Amino acid sequence: MKAASDSPNRVRVVIVNYRTGGHVVACLRSLVQEVAAVGGVEVVVVDNCSGDDSIDAIDRAIDSERWRAWACVVRAPLNGGFAYGNNLAVRPALAQPAPPQYFWILNPDTEVRPGALARLLEFVEQRPRAGIAGSSFELADGSLWPHAFRFPTIWSEIATALRLKVVGRLLSRRVVLLTMGDSPERVDWLPGASMLVRREVFEQVGLMDEGYFLYFEETDFCLRAARAGWECWYVPASRVMHIAGQSTGVTTPGAAPIRRPAYWFESRRRYWIKQHGWCYAALTDLAWTLCFSLWQVRRVLQRKPRVDPPRMLSDFVCNSALLHTSMPGNRMLAPLARDNSAPAGT
């Protein structure tokens, strides 16, 4: 029997793991019904050099649960980040004589609900220009997380940093976070936790940018696709449970905010300089810094609780385009530890 990574299939599901072996096994178990219902599905788990027992635990589960016909594990030579891990599974598939029609990128801390893949496929196959489609999400406690995003601009950064209701209302059409309804809707970009990508999108705009270690790579990829004429859609009929923050601890729901790691700031700076140029990036960072400073003063005067990550203002300035003219690249083997170590300026 051929390994899943060697056989031509309609859909290649890609899951990048970093020290979340138990969650990956649960995700694979949730995919059993999708594999049987859709047909032509292969799943490739890329272990991003976890350094724990993740890869062995996943491999044992694949054997014991008899998933070997459609699932396999690829061991990455280093921890190159989210885009790097996904590309490790996408690149060889594109080079096959009969490459998959679609790639479904899933986070390791997800569990797909029945019909999630079928709903995405049905939707995009009715719309030839729908190049990217994403699911609606629910949290581990069953509550809904019905959101997608606009591309960030200087105006969205001002609204986010200043936190004044009147400004928020004036810039309501510019804010990044969108609350979605029960019907499919075109959006700018979607979380990479569940993202179905048409093969032709990769062939036209290229793979995800490995210059990002973590964060902003989906925004960058969707923007490149949009500029090439591809549509991005939110498809709520496809439902995925997403725990979030299991590898990094940065976005764990309900947890106290931790200090942002250096790679978050580096990815942010890379996105703004790459997509908008240094002048716009520096102007945006200046606007954010001034508005966030005003918010901090107002927070203290009004005795509002501290809800931002520790040292957010100083870390932002130290890593901003205001002080750095270069676009940072991927720092291979960057740590993903859940600690509060200081983000170094680069």
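Only the coordinates and a few stated rules stand behind these numbers; no lab work does. It should be emphasised that the depicted structure is a prediction, and the values quoted were computed from it without experimental measurement. In this analysis, Cβ positions are derived from the backbone assuming ideal geometry, glycine residues included, and neighbour counts consider all displayed protein chains.
Computed values, structure above
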| quantity | calculated |
| --- | --- |
| Neighbourhood charge, 12 Å Cβ-Cβ cut-off, centred on residue 219 and excluding it, Lys, Arg +1 and Asp, Glu -1 | 0 |
| Residue 65-residue 127 pseudo-label distance in nm [points 7 Å out on the Cα-to-Cβ vector] | 3.1 nm |
| At q = 0.13 Å⁻¹, base-10 log of I(q)/I(0) for segment 1-146 (Debye sum, equal scatterers on each alpha carbon) | -0.56 |
| Hydrodynamic radius by Kirkwood, which averages 1/r over all alpha carbon pairs of segment 84-183, in angstrom | 16.8 Å |
| For segment 58-124: rounded, prolate or oblate by the Cα gyration tensor [a/c cutoff 1.5] | rounded |
| Tilt relative to the chain, helix 262-276 - C-alpha long axis, 0 to 90 degrees, to 10 | 90 degrees |
| Label point at residue 327 placed 7 Å out along Cα→Cβ; residues across segment 209-236 whose backbone nitrogen lies under 17 Å | 209-228 |
| 5 Å-binned pair-distance histogram of segment 121-236 (Cα, whole percent) | 2, 11, 20, 21, 19, 16, 8, 3, 1 |
| Principal axis dimensions, largest first and in whole angstrom, of segment 10-75 by Cα | 34, 21, 16 |
| Cut-off 11 Å between beta-carbons: net charge of the residues surrounding residue 105, Lys and Arg +1, Asp and Glu -1 | -1 |
| Helix-derived mean residue ellipticity, 222 nm - over the chain, DSSP H n ≥ 4, -39500 (n - 2.57), to 500 | -11500 deg cm²/dmol |
| Calculated FRET value between residue 118 and residue 256, using beta carbons and R₀ = 35 Å, to 0.05 | 0.35 |
| Cα coordinate range in the chain, projected on the principal axes (Å, largest first) | 66, 42, 39 |
| Ascending count of other beta-carbon atoms within 10 Å, so fewest first, for 293, 172 | 172, 293 |
